[in-house]
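Everything on this sheet refers to the single structure shown next.
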Amino acid sequence: MIRPGSLLAAVTLASALIAPALGLEAAGQGADEIARWTAAKVVHYHMVGIYDGPAVIAYREPAGQATVSDRVEIDLDWDVKASAIVGEPKIVNAASEVRELRNTHSSCPPPTPDGPYEHFDVKTITAGGGALELKGIRSYPKIRVVSGCQGVQEPRTVRAWEQDVVERMTVPSPLMLAAPAHSVPNLTVSADKASFTITGGAWTWTYTPTVVN
């Protein structure tokens, strides 16, 4: 599973490196674009987060592992100066997809889930200290696993469970759109410079900012 804060660290690093990168861009064709974003007071963000990576889908039982894909879309208005959310964010969660069921050891039987696994259903979003705090639920299914199968198999059923999950992430500056290609690690700007993508751990977030005022 991803380390907590890996996306926060990736965005923080990108933010730290954006200023020197923009020094190069400002000398070229991007000066007007940089000035437009610098003058913005409120920016609307359409954010799409995609998780694709390993996960333990049995509650507190490492014998139940899989590769998981998940997706969440967020729309919010952001007060740049106050580092605060304006109004109520809109959240759209997609159902998780589970594949490549496996045990801790390749020689052991894979888990057998009885129901869906949901990696991260975001319920609320708050802002504090310049960062977003995403609070939600991770839902584990009732699942049959085999643990300790090195010599003796011990099949058992793990109960379904819902776990509170919190992810923190900074709101990256829309000036990321003006970053020169390959100037900031983990950052990719779209060809039309309408959106940018930052990767941290198994999460990939794509941001499409627009000026509100």
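The values are calculated or read from the model by the stated rules, or taken from the named source; none is laboratory data. Keep in mind that what you see is a predicted model, and the values were worked out from it rather than measured. Positions of Cβ are generated from backbone atoms using ideal geometry, with glycine treated the same way; all protein chains shown enter the neighbour counts. Side chains are part of the model used for accessible areas, which takes the heavy atoms of the whole protein and leaves out ligands, DNA and RNA. Shrake-Rupley method; radii C 1.70, N 1.55, O 1.52, S 1.80 Å.
Summary of values
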{"quantity": "Filtered residue count, segment 56-78, keeping only those that are over 30 Å from SER107 (Cβ atoms) and crowded, with 17+ Cβ neighbours inside 10 Å", "calculated": "6"}
{"quantity": "Some residue of segment 163-173 being modelled with pLDDT of 95 or more and either part of a loop (DSSP other than H, G, I, E, B) or farther than 26 Å from ALA84 by Cβ (or both)", "calculated": "yes"}
{"quantity": "Conditions (1) open to solvent by 50 Å² or more (accessible area, probe 1.4 Å); (2) part of a loop (DSSP other than H, G, I, E, B); (3) closer than 22 Å to GLY53 by Cβ: number failed by ASP192", "calculated": "(3)"}
{"quantity": "Residue in segment 191-203 that is more than 18 Å from TYR59 (Cβ to Cβ) and among the aromatic types (Phe, Trp, Tyr) present", "calculated": "yes"}
{"quantity": "Residues satisfying the stated conditions in segment 82-100, i.e. within 25 Å of SER147 (Cα to Cα) and open to solvent by 70 Å² or more (accessible area, probe 1.4 Å)", "calculated": "GLU97, ARG99, GLU100"}
{"quantity": "Residue within segment 38-52 that is within 30 Å of ARG156 (Cα to Cα) and surrounded by fewer than 13 Cβ atoms within 10 Å (Cβ to Cβ) present", "calculated": "no"}
{"quantity": "Given (1) modelled with pLDDT of 95 or more; (2) surrounded by fewer than 16 Cβ atoms within 10 Å (Cβ to Cβ); (3) touching a helix residue (DSSP H, G or I) at 6+ places or on another chain (Cβ under 7 Å), number of the condition PRO209 does not satisfy", "calculated": "(2)"}
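Every residue, every condition in (1) aliphatic (A, V, I, L, M); (2) in contact with a Pro (Cβ under 9 Å, 6 or more places away or on another chain); (3) open to solvent by 60 Å² or more (accessible area, probe 1.4 Å); (4) without any contact (Cβ under 8 Å) to a residue 24 or more places away in the chain, yes or no:
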site	(1), (2), (3), (4)
PRO116	no, yes, yes, no
HIS119	no, no, no, no
ALA131	yes, no, no, no
ILE143	yes, yes, no, no
GLU162	no, no, yes, no
HIS182	no, no, yes, yes
